[in-house]
Each structure stands twice: as structure tokens, then as C-alpha cells.
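Asks: The structure that follows is given in the form of C-alpha cells.
The values are calculated or read from the model by the stated rules, or taken from the named source; none is laboratory data. Bear in mind the structure is a predicted one, so any value in this text is a computation, not a measurement. Every residue, glycine as well, gets a Cβ built from its backbone with ideal geometry; the counts of neighbours run over all protein chains shown. Just the protein is used for accessible areas: all its heavy atoms, side chains included, with ligands, DNA and RNA removed. Shrake-Rupley method; radii C 1.70, N 1.55, O 1.52, S 1.80 Å.
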Amino acid sequence: MRAWSASVDRPHRLIGSAGLLLGLLGALFTLNVLMHFPGKLNSDSVSQYAQAVAGQYSDWHPPIMAWLWGRLRVFGDGPAPFLVLHLAAYWAGFGLLADALRRIGHPRLGLLMLASGAFPLSLYLNGIVMKDVGMVAAWLSAIGLVFWFRVQQRKIPAAWLVVIAVFTIYGTMVRGNALFALGPVLVFMLSASPAWMRTTSLMIAAVVVAVLALPVLQLSNRVLFDAAPRSWVHALYLYDLMGIAKHQQNPALLAPRANFTAQDLQDCYTPYWFDSLSPWGRCASRLNRPDPNFITDGDGVTLQWLKTIAAHPVSYAIHRLKHFNSALLFVVPLKHIRFTPEYLRPGEGLVAEVVTERDIKMDLLRKPPFSWPIVWLVWSVPLLIFLSRLRGEPSVYLARALSVSALGYSSAYLLIGVATDIRFHYWTILALMIANIAVLPQLVQGFRHRSAVLWSGFSAVVLVTVIGIAARLLDFKAWVI
């Protein structure tokens, strides 16, 4: 009987062992590196690598990444050193989160947390050396360290506090939009007080920190890296002016920034992909600007933007909602990048890929509903309501902070986005996935007890999924062009 009991207990001890977790972590990290080595570059990364080689930076892209890349070149040229660094930080974060769950008596949940690091979207995006991956990897390591110490009720040693601070600061500075997600992350790291960890407190922190940190970030880029200003915010102003002009059918609203005709608006405006007025866009040459390195002459453009929005709020709202819809991959046709001006008029601008009939047919399989940001954002609302009713403990606090951070990060694109790509919502999807796993036992119990909030949220997710699939199958184009 004792021998039989020992044989039964052995698998349970194996599942709860640190050795199994560490071995799986090493295997996943190694496979992830081999899958993508030496790493890929997107257009942003190519520009940042050029700055790293030259040792001269601009603030069009976060200069801290180019600066660090210059230091990493001692290990080799190209993307390989950065790929390994990103993946090491990424998997370290998941390993810490998984081991923390194991230590508080949830070994299977720990294994699930670690396995979730191999989420298909992550495996795809992590192979590209870019700022979005840098933000995610750095913040995962920082949050994982804090959570690992907190579940053990251990004081964080000074040396590890420095590491946490470095990862947090880097993750914030490497992605300008990180400011909209930073507040809840900071609150989670700095305080475990029930008052601070309420959902409302976290939401207030998200707004306050974003407002206060923006000028600090801009000043830091100038002081630390001597980054040349490139008036990146003017890209937003011009994109919105063009969107309003398009929906008002009034090209004069863009003057004197550009002298457009009605046909120019048709040729240049799109709520999807990237702003065609950017320096590499197909319509960049049509702008009236004294310096090709700047988006536009800054004189009066901010005031013009504000006045135009005030005069045409409905057109502004329609323009922003169309862009947000495309960014969230909600009501769109299959492979809707094919409806942007670059694809409708080939040979006149930058085309990143050739869209074939097979690409169109396979689009729903390549981007299934679980990779749509809209699905995760819709679920985040009932999740937060449910979390606000749970007893405060480290896992619940982690889930609350990550959920509010994710919601703030993607929601900001409703107002500030000028380009759309799944990578812009990488933090949102990953943070919400981690939040759900961290409180999975409570979620299961809630569904079993017929929680109205959870079941309503599940119904909402099903609804947006059905609408999204129908739009793709019906090739719905009205909100794209």
C-alpha cells in the first residue's frame, strides 16, 4: 500500500517541483531563440539600428533602444544580441510569475502560466527586434520579480530593486505609448495597500501618471541622449486634419499644411495601416514643409488642429472610430490592408507585402479571434468588475493592475493612433492573458456560481466574435476606406 501511495504522489511532487518548471523554462527559451535567430527587423528597427551605428539619435523613435543597441554591438552586429536579450527578459518574467504561483500552492497554474508564454501571437512578434517587444519583455521581468517576492512576503533586496527599476524605466522609455499603461504598473510595484489597489484608484493612477510622465519622458530623451526633435506629435495633428477633411469633403481644412484636392484626399487618406503623410508615406512629398526631417512646419498647427476638431466634432469622431475599429481588428474585411491607398494604387508608395488570393482566404486562420484586440478589450470590462469584488491578495492585485494597464494602453489609441498593427496591442493582449491566468480558480468558481458579470462578459465576447467573423466573410468595406 505504501509503495502504491508513493507512486501516486510522485507525479504530484513532480508537477510541483521547481526543477520541472526550470527545465521547461529553459527549453521554451532555447526553442524560441532557435525559432527566430538571428531575429528580424521591421521598418522602425532598421531606422533605430542606423542610429545605433551612427551614435546620433532623434526622438521620432525612442532613442533609448538605439542607444542600448549601440552598446550591444560589442556582441555582434545586427539583431541577434537584442533578440537574445528580449527573449531572456520575456521568459524570465514568465518564469518568475509561474514560480510565484507554484510557491503559493498552485503548481498546475504555474505550469499553465509558463506555457502561456508560447502564445502564438507572442511567438510571432518576439522574433522581431522592435520597441513593442522591448516594452513587454522589460515590464514582464519587473512585474515578475515584484510578484515573486510579494507572494513570499519577502522584502525585496536593494540590488533587485535596482534591477526592477531599470527594467521598468527601460520598458517605459522604449515605447512612448507605455505612459498610458504605466500608472497601474507603478502602483502595483510600489504598494500593496488595499486602498491603492482598488480598480478606481488604479484608473486614476493611469490618467495622472500619463499626464505627468509625458514631459518627463520628452526631457529625458533630450538630456540623456541629445535626441534631435522630429515633431512626432505633428503626425497626429496632420492625420486628424486629413481625416476630418476627408469626411467633410473639404480639402481646404488641410491648408496651409498641404494643398490637397478632393482626389488627393481619396488617394492619401486611410484609417488603416500607417499615416500616408509620414516621412516614408506615399503622400509625404505633398506636404508643405521647410525641412524634410520634420513632419510639418509647427507654426500654428496645434491651434489649427484644436479649432478644426471643435468646428467638426462629428467628422473627427467618425475618423477616430474608423481608425480604432481597424486597429482593434473588429468590423473589417479579410486582409483589409489590401484596401489602403498603397495597395489600391501600387507603385506610388511603400508596400510592405504583396497580397495574394491565398492571403485573403487564409486571413481568418492567420488572425483568429483570440488575436483580435477587440475580443480582449471587451472581456477586460467584466473582468475588472469581477476582480473588484474579490478579496485582496497578491494574485488579485496583479490581475487588477494588469487589466487596468491593458485597458488604458489600447484605449489611448482611440485618440492618438496614426497607424494600425497588432503589435500596438501586444502589451494589452499579454497583460490580460496573464491577469486571467493569475485568477483562473476564482474565474472558474465564478462561472460555476453563475456570476451575471462573467456570463454577460462571455456573451459580449461571443457577440463581437460573431460580428467580426461575419464582417470578414461578407467582405465588409464601408468602415475601411
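Asks: Starting from the 7 Å offset along Cα-to-Cβ, what nm value, one decimal, do you get for the label separation of M203 and V53?
Replies: 4.9 nm
Asks: Could I ask something else about it? Heavy atoms only, probe 1.4 Å: what % of the accessible area of the chain goes to carbon and sulfur, would you let me know? Before the final figure, lay out the partial values.
Replies: Details: 14260 of 21260 Å².
Carbon plus sulfur share of accessible area: 67 percent.
Asks: Trypsin sites (Lys or Arg not before Pro) within region 217-273: which are DSSP loop residues with at most 12 other Cβ atoms inside 10 Å? Don't skip to the end; give the middle numbers.
Replies: Numbers: sites: R222, R230, K246, R257; in loops: R230, R257.
When the trypsin sites (Lys or Arg not before Pro) of region 217-273 are filtered for loop state and at most 12 Cβ neighbours within 10 Å, nothing remains.
Asks: Another one. Using just the helices of the chain, give the 222 nm mean residue ellipticity in deg cm²/dmol: DSSP H runs with n ≥ 4 each add -39,500 (n - 2.57), and the total is spread over all residues, rounded to 500.
Replies: Calculated mean residue ellipticity at 222 nm is -21000 deg cm²/dmol.
Asks: Place the peptides 69-79, 50-60 in order of packing, highest mean first, counting for every residue the other Cβ atoms within 10 Å and averaging per peptide.
Replies: On the way: 69-79: 14.5, 50-60: 16.7.
Ranking the peptides 69-79, 50-60 by packing returns 50-60, 69-79.
Asks: Taking 31 Å as the cut-off for C-alpha to C-alpha distance, list the pairs among K307/K367; K131/K307; K322/K361; K40/K361; K40/K155; K155/K367 that go past it.
Replies: Over 31 Å apart, Cα to Cα: K307/K367; K131/K307; K40/K155; K155/K367.
Asks: Another question, then. So, for region 47-174, what is the accessible surface per residue at a probe of 1.4 Å, expressed in square angstrom?
Replies: Heavy-atom accessible area per residue stands at 36 Å².
Asks: Rounded to the nearest 10 degrees, what's the angle between the helix 179-190 long axis and the longest principal axis of the chain, both from Cα atoms, 0 to 90?
Replies: It is inclined by approximately 20 degrees.
Asks: Quick check for me: using +1 on Lys/Arg Cβ and -1 on Asp/Glu Cβ, what's the dipole size of the chain about its Cα centre, in debye to the nearest 20? Kindly include the intermediate steps, with their values, before the conclusion.
Replies: Values: 40 positive and 23 negative charges, 331 e Å.
Using only the charged Cβ atoms, the result is roughly 1580 debye.
Asks: If amide H atoms are built 1.01 Å from N in the plane of the peptide, which residues on other chains or at least 5 residues away come under 5 Å of the amide H of F274?
Replies: So F274 has HN proximity to T420.
Asks: I would also like to ask the following. For I128, which sequence-distant residues (separation of 5 or more, or a different chain) have an amide H within less than 5 Å of its own amide H, given hydrogens modelled in the peptide plane?
Replies: Amide H neighbours of I128: K40.
Asks: Can you compute 3J(HN,Hα) from phi for each residue in region 206-217, using the Karplus curve 6.51 cos²θ - 1.76 cosθ + 1.60 with θ = phi - 60°, rounded to whole Hz and x for Gly and Pro?
Replies: Running phi through 6.51 cos²θ - 1.76 cosθ + 1.60 with θ = phi - 60° gives 4, 6, 4, 5, 4, 5, 6, 7, 4, x, 5, 5 Hz.
Asks: So between E357 and S43, what do we pick up on full extension, going 0.36 nm a residue minus the alpha carbon distance?
Replies: Gain on stretching E357 to S43: 110.5 nm.
Asks: For region 124-161 and region 411-481, write down the distance between their C-alpha centroids in whole Å.
Replies: Centre-to-centre distance over Cα atoms comes out at 24 Å.
Asks: Please list, in order, the residues from region 375-397 whose amide nitrogen is less than 20 Å from a point placed 7 Å along the Cα→Cβ vector of I416.
Replies: 377
Asks: For a Förster distance of 45 Å, can you work out the FRET efficiency between the beta-carbons of A115 and Q218, rounded to the nearest 0.05?
Replies: 0.70
Asks: For A310 and L236, calculate 0.36 nm times their separation in residues minus their Cα-Cα distance, and state this gained length in nm to one decimal. It would help to have the intermediate numbers written out before the result.
Replies: Numbers: separation 74, 0.36 × 74 = 26.64 nm, distance 1.59 nm.
Length difference between fully extended and current span is 25.0 nm.
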